[in-house]
Structures are given as structure tokens and as C-alpha cells.
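Next up is a structure, given as C-alpha cells.
Read the figures in this text as sums done on the coordinates, not as results from a lab. Since we're looking at a predicted model, the values are computed, not measured. When we count neighbours, we look across all protein chains shown, and the Cβ atoms used for this are built from the backbone with ideal geometry, even at glycine.
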Amino acid sequence: MKPLRSAARVRLFLAVACGVLLASGCAHYQSKPLSAIESATAYEARGLDDPGLRDFIQQTVAGGATNWPPAAWNFEMLTLVALYYHPSLEVARAQWGVASAGIKTAGGRPNPILSVVPGYSANPSAGVSPWFPSVTLDVPIETAHKRKHRVSRANELTEASRLNVYSTAWQVRGLLRATLIERSFAQQRFDLLEKQTQAQRSLVALLEQRLTAGTIAEPELAPARVVLLKTLADLENARSQVATSGSTLAQALGLPLKALDGVAIETTGIFAEDDFQRFSSVETRTTALQRRPDILAALSDYAAAESALQLEIAKQYPDVHLSPGYQFDQGEHKWSLGLSIELPVLNRNQGPIAEALAKRTESSARFLALQAKVIGEIDRALQLYAASQDQLRNSRTVLATQEKQAAALEAAFQAGGADQFEVTSGRLETSIALLAKLDAQFKVQQSLGQLEDAVQIPFDALRNVEKNPRAQSISENP
């Protein structure tokens, strides 16, 4: 019976060993339910008085924010608010986390496989144990640096995801900037249209008086009434833009609309006159074509495609499997060592290699297309800026001329050389010239914004976009 007890001990030992190996190092599931009601409530509770936001701004602003809260929130401060709250950045960081976890997956080594085959003889010889269990261990050995290529590919994809966080930060900044510019000019346009409407109404009233007096005919009044109706429609459109600018700004910041109640927003002076020189220099253009986050991410994607190709080429070389085994054969202890290898005679991994080659070509084409797109964005922004500057100069000339003419009419009216109709017409023409100048200024600011988005000169707050400040704030202030 000794052989029987020996075999039983071997089986017991193997069973215990397997149980310990399987139980150790195992991850355990932790439930984390997601509630639409709770997330919506948390979103509605966001505000500019958040202690985490204050700490984030204090840590990011050079020298710290001296006054808190700011008397008025300018573009740079609101950019920090958007980087703190905007949900698209949280998505980008989460995607980066997924890619980072892929490095662990890529670096994992194949586990050995333990096979236990119990055997029992129904008619053993006298005095011989009927048991003949066997134990085989299959140990896979990867060849041709496959694991290295997997890890390299995962690292490059992770780097591309990290750089996508910066690209997303630029998108958040660009959206906020465009929203602030539109908000500022919408309010100014509404104010000018109100004055133009008043002047047009006065003009129509004077023409109606002349119609009543019989000095003009009805057809002479109709065009002025049509212009008034058009001006009123423009005024209502401007009123609507002003009314919706608050919700648009809140969305660009990642805040509910009520968070901006009573908050002073500084929307002027986003760009200075010398910003064009800073954005349009040859050095800046060259840097943009080489160092924009999306350019670098595309290069990382190409490097990942190269690693994927190297991996598929390495798969031409089969892995080796070592199979040491033990068998207790009716009282006899038998050891064996097996070696197995796939014979690449029918398939040399040609299909996956061809796919990887095609994907590398595609990745190269995507990179070149992105560079061409960036060049086009820069050229288009430069042309728009030049055209808007010409338009602004012309509008200033027209405005200056019209203001002189309106002043001359005012003086003539005071001297009795002009009537009220001529003075009102002069005021109306001045208002129209002011609107034309405002539209030109708006286009200049827009073109500078597009130029900044194209060259993407790093701004100070970019250095803190990788970490999630809200997650840190929540962990510190649960």
C-alpha cells in the first residue's frame, strides 16, 4: 500500500499547490454603480467657488492667484476653469488610462499549463498498485522578441493617448475662446443695433410727417420702413445671441448655467495687436509642424504600427513548448521531457504581416494628411487675418469719413443750414459704419484665434492637464 499512499500524497500536494497559486494575486470585483440622478446632481452642484478649483488655480498660476475669488474672470482664468471641469478632458484621461493598462497586458508572459491525468488499472498484477497517474507541465517559451514588440506597441499607443489629452486641452481652450469672442461681440452688436434702430425709427417718423404733409409720396416711405423691419429683425437676432451666450459659455466651461449667475466675465482684450507676430513667425510655424500634440500623437501611432509589423514578422518563428512530465506507473516512477514546436509549413503568417504592412502605410498616410491639414490651417488663418485687417482698415476709413460728415451736418443744423432729416440720416449712416467696423474687428479676433489653434504655442496651464485635479480634490475632500 506504500505506492498508493505515495500517489495520494502527490495528488494532494498538487491540488493544494494549484489552489494556492490560483488564489494568490487574484483581483477581486468591486461594484461601482453609476447613477444618472447622482451624476446630474453633482454636475448641477458645480461652481466657481469649488475649493478644489481654487487650489488648482493657485498651483497653476505663476506666483499664485493673489485675489480670490477674482473680481472679474478673464480668458486665462476661465481656461483654468474649463481645464478643471470640462468632461472631454476626463474622457481623454480615461482613454489614456485604458492605453496605459494595455502595457501590462502586452508585457504579460504566457502561463504554464499543468495537466493531471489520473489512471487506474482494472486488472493489475498481484501486489502492484492499480494507479498510474501522470502529471505534465507545458511551459511556453516565446521566441523572436515577441513580448518586446508587444510592449513597444503598447507604449507607443499609450504615448499617443497621453498626447491626445493635450490635443483635447487645446480644443477646450479654442472652444472657450471662440465662445468668449462671440459673447463679447454679440453684446456690442446688440448695443449698436439698438442705436441704429432708434435712428431708423426717427427717420421713418420724419418721412411719415412729410407724407402727412404731402411733401413726399408713399413709395418714398416704403424703403425706409423695409429697412426698419430688417433692422428690427437683426436686433432680435442679436438679442437672441446675447441671451444664449451665457448657456454656451457655461457649456464650454463644463458648468451649469446657474454657476455663472452674478459672475463678472471679462471678454475684451483676448488678443493683443502684437499676438499676430508671435503666432506667424517662421520659427513658430516650423515648431507647429513638428511639435503639435496631434502631430506627435500621429508619429506615435506610426511607431505603434511599426512595432505591430515587427510583431507579426516575429510570429513567423514558432514558439517552443517544454513539457516535463511525471508518471507513477503501477509502482514505477517515470520522468519525461517533451519538446513541441509548431511547424510553419502551411502558414507563415503571411496574412497578418500583409495587414500590418498596410496599416503602417495607412498610418504614414494619416500623418502626412495631418501635416498637410495643419499647413492648410495656418495658411488659411494667415489669409483670413490679412483680409480682416484690410476690411478693418477700410471700415475705419469709412467710419472716420462718416463721423466727419455727421459732425458737419450737426453743425449745419445748429446754424440752420440742414434739417432734422439730414442729421438723422447722418447718425444712421454713422451707426451702420460702426457696425461694419465691429464686424471687421470680430473677424480679426476670429482669425487670430484660428491662427493660435493652428500653431498651438503651449500655454502655462498645459503643464497640469495630465493629472485629474477634480479626482484629487474629491479624494482630499470627500
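Mind pulling the angle between the C-alpha long axis of helix 282-291 and the longest principal axis of the chain? Nearest 10 degrees, somewhere in 0 to 90.
30 degrees
At a Förster radius of 51 Å, what calculated FRET efficiency corresponds to the Cβ-Cβ distance of V242 and S100, to the nearest 0.05? Walk me through the numbers on the way to the answer.
Values: r = 44 Å, r/R0 = 0.87.
The formula returns an efficiency of 0.70 here.
Kirkwood Rh, Cα Rg: Rg to Rh for region 143-241? Let's see the in-between values first.
Details: Rg = 30.0 Å, Rh = 18.7 Å.
Rg/Rh for region 143-241 comes to 1.60.
Per residue, what volume in Å³ does the convex hull of the Cα atoms of the chain enclose?
Numbers: hull volume 127.2 nm³, N = 478.
Spelled out: Cα convex hull of the chain, divided by residues, is 266 Å³.
Hey, what number do you get for the chain at 222 nm if only DSSP H runs of n ≥ 4 count, each worth -39500 (n - 2.57), divided across all residues, to the nearest 500? Each step should come with its number before you reach the end.
On the way: 13 runs with 325 residues, N = 478.
It lands at -24000 deg cm²/dmol.
Relative to the longest principal axis of the chain, what angle (0 to 90°, nearest 10) does the C-alpha long axis of helix 51-60 take?
90 degrees
What is the packing order of peptides 27-40, 160-173, 390-403, taking the mean over residues of other C-beta atoms within 10 Å and listing the highest first?
160-173, 390-403, 27-40
Kindly rank 313-324, 71-82 from highest to lowest mean number of other beta carbons found within 10 Å of each residue.
Numbers: 313-324: 15.7, 71-82: 18.2.
Ranking the peptides 313-324, 71-82 by packing returns 71-82, 313-324.
Using a simple spin-label model with points 7 Å from Cα along the Cα→Cβ vector, what separation in nm is obtained for E220 and A372?
6.2 nm
As an exercise, use a Förster radius of 22 Å and the Cβ-Cβ distance of R380 and R291 to find the FRET efficiency, rounded to the nearest 0.05.
Values: r = 20 Å, r/R0 = 0.92.
About 0.65, to the nearest 0.05.
Can you give the extra length, in nm with one decimal, that the chain gains between D55 and A412 once fully stretched, where that is 0.36 nm per residue apart less the Cα-Cα distance?
Numbers: separation 357, 0.36 × 357 = 128.52 nm, distance 6.22 nm.
This chain segment gains 122.3 nm when fully extended.
Run through the DSSP bridge list for the chain and note the antiparallel percent, rounded to the nearest 5.
Numbers: 22 of 23 bridges.
DSSP beta bridges in the chain are roughly 95 percent antiparallel.
Can you give me the P(r) profile for region 245-310? Cα pairs, bins 10 angstrom wide beginning at 0, each as a whole percent.
16, 21, 22, 27, 12, 2
Turning to a different aspect of this structure: Once Rh is set to the Kirkwood radius over Cα pairs, what Stokes-Einstein translational diffusion coefficient, in µm²/s, holds for region 93-166 at a temperature of 20 °C and a viscosity of 1.002 mPa s?
Numbers: Rh = 16.2 Å.
Using the Kirkwood radius from Cα pairs, D works out to 132 µm²/s.
Quick check: the angle from helix 2-23's long axis to the longest principal axis of the chain, C-alpha only, nearest 10 degrees?
Tilt of helix 2-23: around 10 degrees.
So, one more: Under the Karplus relation 6.51 cos²θ - 1.76 cosθ + 1.60, θ = phi - 60°, what is the ordered set of whole-Hz ³J(HN,Hα) values for region 182-190, x standing for Gly and Pro?
5, 5, 5, 6, 5, 5, 5, 5, 4
Continuing with the same structure: Summing +1 for each Lys or Arg and -1 for each Asp or Glu, what net charge is found among the other residues whose Cβ lies under 15 Å from the Cβ of L229? Could the numbers behind the result be given before it?
Working: positive: R201, R225, K230; negative: E208, D234, E236.
Taking every Cβ under 15 Å from that of L229, the sum is 0.
Can you give the local net charge around L370? Use residues other than it whose beta-carbon is closer than 11 angstrom to its beta-carbon, Lys and Arg +1, Asp and Glu -1. Working shown, then result.
Numbers: positive: R292, R366, K373; negative: D294, D301, E377.
Here the count lands on 0.
Just to verify a number: FRET efficiency for D419 and Q389, C-beta to C-beta distance, R0 = 35 Å, to 0.05? Please report the intermediate quantities before stating the final value.
Details: r = 39 Å, r/R0 = 1.11.
Computed FRET efficiency for D419 and Q389: 0.35.
Once the piece of chain linking A264 and S364 is laid out straight, how much longer is it, given 0.36 nm per residue of separation minus the C-alpha distance between them? Show your work: numbers first, answer last.
Working: separation 100, 0.36 × 100 = 36.00 nm, distance 4.77 nm.
Result: 31.2 nm gained on full extension.
Along the Cα→Cβ direction, 7 angstrom out, place labels at F459 and E90. What is the inter-label distance in nm?
Using points 7 Å along Cα→Cβ, the separation is 2.2 nm.
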